[in-house]
Amino acid sequence: MWYRQDPYDSDQPHGERDEFMRRARILAGGFAALMLLAVVCIPRHLPSQSRATAVAPASLYVSFEKNTLIFRGSLPTQRSKTSILEQAHALYAKKGIHVTDQFTVDAQVGAAAWVDTIPQLLPILGWMVERGSIIIDGHSLVVTGQVTSPREKADVLQVMAPAIRAGLKLEDRVMVARATAVSPASVSLTALQLSLNQVLTKSSIEFEPDSAALTAKGQAVLDHIVVLLRKAPAAPIEIASHTDIGGAAEHNLRLSRQRADAVKQYLTDHGLTNPFTTIGYGSTRPLSNRKYQPGLPQNQRIELLMIRTT
């Protein structure tokens, strides 16, 4: 039997399902596009948690006060730390100055060319009056302290040159102390003489063999003496030089005079204004007449004697 299909019969639900599926596909495609856009664009605007930690700059803080030298800061290698401390001990420890190591060695600290110049800078702290400091924050070199003359300040700035060439910007805070007349009576000359004797007992002023040329150790001892004598700039002082008991007497006498003059020259070059008298005794005043020992320390020596004017 023939039957006419009603257009609103069973075909209608199939059309609705097709339309629903078509819209679902469009929505799914749009969601996928949004996800792709997020993957490509969002990381450019949000901080990444996986970025490497920034490398910290090396730093240094050295302070010299009350007979103590303190080192702080962060260095990139153990080698650089060892080099700095070895130089500090060579310059200061033998003069009775306590060296305190508070350095940190950190692999996250970046290498810096100025680190290798630090051992060359350390002598300037011994030229400061009572206290001084060197501070490096990775970019600037700040030098603080007080010296006794414009010449000493010029020497300090000259020593800074290698660190400046290594990329640091110098901040000069070194001041020149005003010259003031100090009467010897205002300082206990007895106490000062005892201090001089203690320094020279612990470490003698050394010279090159059979020469009036000071060794590095001899200069270091004199640097300590300069600090002491600044307390009594008007006190007359005798520089007495003695040789060991070996060799010709005439040669020993001449050598002792040359060494006394060399000590005077070093002290005046470092700003001391004391009236110095030099005398060479040769081997005529040995402290020991025991069997001959070349270079016997107690015979080959420099003495600094306060001369009382009353």
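Things worth noting here:
- Once the Cβ-Cβ distance of Glu208 and Glu65 is raised to the sixth power relative to R0 = 41 Å, the FRET efficiency obtained is 0.75.
- For Ala191 and Ala56, a Förster radius of 51 Å and the Cβ-Cβ distance give a FRET efficiency of 0.60, rounded to the nearest 0.05.
- In nm, spacing of pseudo-spin labels at Glu171 and Gln258 (7 Å Cα→C-beta vector): 4.8 nm
- By the rule of a C-alpha distance below 17 Å, with chain neighbours fewer than 8 residues away ignored, the lysines paired with Lys95 are Lys66, Lys202, Lys217.
- Our estimate of slack between Gln102 and Arg151, defined as 0.36 nm per intervening residue step minus the Cα-Cα distance, is 14.4 nm.
- Taking all pairs of distinct alpha-carbon atoms in region 60-176, Kirkwood radius in angstrom: 14.3 Å
- Chain lengthening between Arg72 and Leu228 when straightened (0.36 nm per residue, less Cα-Cα): 53.5 nm
- Nearest-0.05 FRET efficiency for Ala249 and Ser140, computed from C-beta distance (R0 45 Å): 0.20
Bear in mind that the values in this text are calculations on the coordinates, not laboratory data. Predicted model, so just to flag it, every value in this text is computed and none were measured. We place every Cβ from the backbone using ideal geometry, glycine too, and count neighbours over all the protein chains shown.
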